[in-house]
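Below: the structure, in structure tokens.
The values are calculated or read from the model by the stated rules, or taken from the named source; none is laboratory data. Note that the structure is predicted; figures quoted are calculated from it, not measured. For neighbour counting, all protein chains shown are included, and Cβ atoms are generated from backbone atoms with ideal geometry for every residue, glycine included.
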Amino acid sequence: KQEVTQIPAALSVPEGENLVLNCSFTDSAIYNLQWFRQDPGKGLTSLLLIQSSQREQTSGRLNASLDKSSGRSTLYIAASQPGDSATYLCAATGNQFYFGTGTSLTVIP
Amino acid sequence: DAGVTQSPTHLIKTRGQQVTLRCSPKSGHDTVSWYQQALGQGPQFIFQYYEEEERQRGNFPDRFSGHQFPNYSSELNVNALLLGDSALYLCASSEDRGVVWTEAFFGQGTRLTVV
């Protein structure tokens with residue numbers, strides 16, 4: 001069974017700092033790796049989708065990488081802003097989405 | 001495009017009752033999946049519907065059942081509610097393209113509280 005782990009569980013950084021969120025998965029036979037953002041009590045907003053044949057995807061200040069062989073993905077956030085404060089979830093897709101427990105990010109003004 | 005819409009947004013039920021949650025997928029999407037997210041946890045897969053049939057199921061008891069309609073909208077039914085069923089229920093829609101999964105879009109969820 002696919003197990004997805006996210007480290008750290010919580011992160012607090014000053015505004016403007018660059019940061020990296022980590023996601024690891026145990027089964028490399030995935031179709032895609034998708035990163036989501038979740039605000040408290042809300043649904044999931046898709047940030048980036050990396051297909052299994054790709055190595056990375058970029059959207060604005062966000063960059064996500066995927067290394068299937070090592071079972072790892074990272075989400076890089078450049079020049080963090082208070083509005084980036086949220087929980088970030090990664091999901092590995094096989095025959096379903098397997099989610100990590102998320103990283104709770106707080107960006108301090 | 002309204003995206004994925006779920007109703008209701010919040011719901012309070014008594015232990016032992018039954019509940020029905022609804023989901024309308026994003027335009028052009030034919031596959032609907034349901035997830036349960038307990039507080040502080042990642043979403044857990046309940047089941048997926050495609051062509052009006054349950055295609056995959058996670059590790060949830062038979063109290064959890066669903067349906068997909070010809071217009072691709074879906075319902076999640078939970079019978080004999082337990083306190084532990086209190087959670088955020090998320091619906092995700094996607095377009096089936098065989099074995100290559102495409103991007104999934106999630107609704108805002110239904111917060112179910114069982115008292």
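For beta carbons closer than 9 Å, sequence separation of 6+ or different chains, a first residue in region A:35-46 that is facing chain B (nearest Cβ under 7 Å) and more than 20 Å from residue B:86 (Cβ to Cβ) and a second that is in a loop (DSSP other than H, G, I, E, B) and of a type in the set (S, T, N, Q), there are no qualifying pairs.
I'd like the full set of residues that are of a type in the set (A, V, I, L, M) and without any contact (Cβ under 8 Å) to a residue 24 or more places away in the chain, limited to region B:58-115.
So the first thing to find is which residues in region B:58-115 are of a type in the set (A, V, I, L, M), and the list is B:76, B:78, B:80-83, B:87-88, B:90, B:92, B:99-100, B:104, B:112, B:114-115.
Once the filter is applied, which keeps residues that are of a type in the set (A, V, I, L, M) and without any contact (Cβ under 8 Å) to a residue 24 or more places away in the chain, region B:58-115 yields B:99, B:100.
Of all residues in region A:9-18, none satisfies being out of contact with any Pro (no Cβ under 9 Å at 6 or more places or on another chain), free of Cβ contacts under 8 Å to residues at least 40 places away in the same chain and within 30 Å of residue B:59 (Cβ to Cβ).
For every residue, the table says whether it meets (1) within 14 Å of another protein chain (Cβ to nearest Cβ); (2) among the polar types (S, T, N, Q); (3) under 20 Å from residue A:10 (Cβ atoms).
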position	(1), (2), (3)
A:79	no, no, no
A:84	no, no, yes
A:87	yes, yes, yes
A:90	yes, no, yes
A:95	yes, yes, no
A:98	yes, no, no
A:102	yes, no, yes
A:105	no, no, yes
A:109	no, no, yes
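When residue B:72 is tested against (1) surrounded by fewer than 17 Cβ atoms within 10 Å (Cβ to Cβ); (2) in contact with an Asp or Glu (Cβ under 6 Å, 6 or more places away or on another chain), just one condition goes unmet, and that condition is (1).
Condition test on residue A:22, is it away from every other protein chain (no Cβ under 14 Å), under 26 Å from residue B:89 (Cα atoms) and not aliphatic (A, V, I, L, M)? Taking the combined requirement at face value, the residue satisfies it. Every condition in (1) within 14 Å of another protein chain (Cβ to nearest Cβ); (2) surrounded by 20 or more Cβ atoms within 10 Å (Cβ to Cβ); (3) over 11 Å from the mean Cα position of the chain (by Cα) is met by residue B:46 except one, and the failing one is (3). Only one of the listed residues (A:94, A:41, A:83) is modelled with pLDDT of 95 or more and either closer than 22 Å to residue B:48 by Cβ or loosely packed, with under 14 Cβ neighbours inside 10 Å (or both). That residue is A:83.
Going through (1) away from chain B (no Cβ under 14 Å); (2) in a strand (DSSP E or B); (3) surrounded by fewer than 22 Cβ atoms within 10 Å (Cβ to Cβ) one by one, residue A:73 falls short only on (3). The residues listed here are A:61, A:55; of these, the one that is modelled with pLDDT of 95 or more, surrounded by fewer than 14 Cβ atoms within 10 Å (Cβ to Cβ) and charged (D, E, K, R) is A:61.
Note on region B:56-106: residues that are in contact with a Leu (Cβ under 6 Å, 6 or more places away or on another chain), under 18 Å from residue B:15 (Cα atoms) and either more than 14 Å from every other protein chain (Cβ to nearest Cβ) or of a type in the set (Asp, Glu) (or both) amount to 1.
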